[in-house]
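The values are calculated or read from the model by the stated rules, or taken from the named source; none is laboratory data. This structure is a prediction, so every number in the text was calculated from the model and none was measured. Please note: Cβ atoms are built from the backbone with ideal geometry, for glycine as well, and neighbour counts cover all protein chains shown.
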Amino acid sequence: MMKVDCALDKLSSHNTSLFPVDNSAGRNLLQQCKTSAEIGIADVKRFNFLLEKADQEKCMRAEDSSAEFATVVEGLSIAPRSALLWVRKIFLMKALKRWDDIAFECEKNSCDVAKLEEVGIFSLDLSEINPYPHSSPLHYLESNFFDVASAEDKFLCTQATGEAVTRMPVDVRPLYLRALRLEERYDHVFAAIKVLENSKINYQKYVTEERDRVRRTMSAKAEGDNLFRSGKYDSAAIRYNVCLKIDSEKPGRLATSGGRLHAILHCNRAACLMATKRFREAAKECSAALRIHANYRKAMLRRGRCYVKMHRFKEAIADFNACIEAAVKGKETFDHSIKTKEQIEVVKKELEEAKRAKRDHETAERAKADRERREQEKQRWYDENVNSEDWYNNNFSGRNNSSRGGKYGGKKNGSSRNRGGYEYNQQSDRSYSNREHPNNHQYRRSSSKASCEDDEEEVCHYSILSVTVQSDSTTIKKAYHRMALKYHPDKNKDPEAATMFRKVQTAYEILSDSKSRREYDMERNFARSFY
């Protein structure tokens, strides 16, 4: 830039001294050169800054390479043919598990190299700088293959793949072969491996290793598919897991390499787990598949079904909606399992069922919460009153009998206590009262004077002895002697007399003891207060 400024100064002096006529064309040309030089210098400075920034981000990053990747992409916008940055971009894509993008970038780069070969750039004196002097001849690889709008959706043919792999930097060839395998392009990867194996110059040890991985991957996945079709779901899940571990980054851990292959394997494992009712684990497998391919419709559908089984209806509805949206809008995805109108209608029906189940579940939850609230109120009332002397006197003394029942009202089918046969009597009295006496007289509850003053369906201890709640201990004792004499097994030969005699004894044991009678009365009143 300093030389340009100097040239402008000299031109100005020369024109002033020798040529009075205005030389505007020359000035404009020099000004354009100066502007271009300034822009170029700014680009170089920006490029160097981005390189330094990428190095810093590489040192700082832990697992996420997104920031460094964005910086490298920006650097390539300044220097598109920088081999250093392009290779770095491919390795960052590996860290980000973008295997479909790796395959696309490698094949597109090979097509760009083919363009240079077609125009003879690397001929004659420039043949020494040809980066791929041992590449195979061009027969199937079309240089303009990706120069169309839908290029990202296209793959090279099998034969073209073999020609493309020899026009890639040596460092990225293992990643390209791995990308073809993880994207399940098995014919393409075998074609590329064959070309590399036939070339003594291009062949390296990784080629044989990758061939072995491809064969083991295809075998394990096929075995898993056959086991699943046979209904052996646990064994199928194990084989899918073996297939995942073939590409594991760390031995002993489940692989997380990504790619179409791993997305399908996770989704297949989810199907196995769903078949064995292990919906929580199946949902995790579907989530793993969706982390690899966000628009994997089958994984969305299966995870939604798992969420329904787990009563996580909100998440299920979201997955069903996402699946329908992806199918209707035709979002880019390798999964075409849900694309017809009939298939979409099936998902819509499942969506409506999930919404209905969500409403029913919410109604049940509200009812449950209401029951818990009533139980808490009941417990609080019990804690406040069950040990209160005043409460007992107010509810069971003859002076204030009219105040019984409390503020809650209602009945309960039985008490939680089981003192002295009380719970047994509640369960058996109803059946006993309906049996016929040998003399065709029913055993009846006593008249209103002798019965409990409430309308409980169960026969209570007071009814057994034919006394009232206000009866004193003397009255209860006389009633016991009378009933015991009547139902004593030695004097009454009726088969039911022995059962009734045991009830009379139980009733007397509780009502004759002041403490037991007090607790029993409180429980009876407490039970009626809430039901």
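Details
- Cβ pairs under 6 Å, 6+ apart, first in the stretch 67-92 and closer than 19 Å to Val113 by Cα, second not in a helix (DSSP H, G or I): Val87/Pro169
- For Ala160, the stated conditions hold: it is over 34 Å from the mean Cα position of the chain (by Cα), small (Gly, Ala, Ser) and either buried (at least 21 other Cβ atoms within 10 Å of the Cβ) or part of a helix (DSSP H, G or I) (or both).
- Test: Val148 is among the β-branched types (Val, Ile, Thr) and either at pLDDT below 85 or assigned to a loop (DSSP other than H, G, I, E, B) (or both): yes
- Of the helices (runs of 4 or more DSSP H) lying entirely inside the stretch 164-241, those containing at least 2 residues that are modelled with pLDDT under 90 span 186-198, 205-229.
- Some residue of the stretch 181-191 being out of contact with any helix residue (DSSP H, G or I) (no Cβ under 8 Å at 6 or more places or on another chain) and either crowded, with 20+ Cβ neighbours inside 10 Å or of a type in the set (Val, Ile, Thr) (or both): no
- Checking Cys243, Cys286 one by one, the residue that is within 22 Å of Val347 (Cβ to Cβ) and crowded, with 20+ Cβ neighbours inside 10 Å is Cys286 and no other.
- Criterion: under 21 Å from Gly258 (Cβ atoms), in a helix (DSSP H, G or I) and out of contact with any strand residue (DSSP E or B) (no Cβ under 7 Å at 6 or more places or on another chain) - qualifying residue of Leu84, Leu116, Leu92: Leu92
- Odd one out for His139, checked against (1) without any contact (Cβ under 8 Å) to a residue 60 or more places away in the chain; (2) within 18 Å of Asn198 (Cβ to Cβ); (3) surrounded by 14 or more Cβ atoms within 10 Å (Cβ to Cβ): (3)
- Selection count where residues are at pLDDT 85 or above and more than 20 Å from Tyr176 (Cβ to Cβ), scope the stretch 75-109: 0
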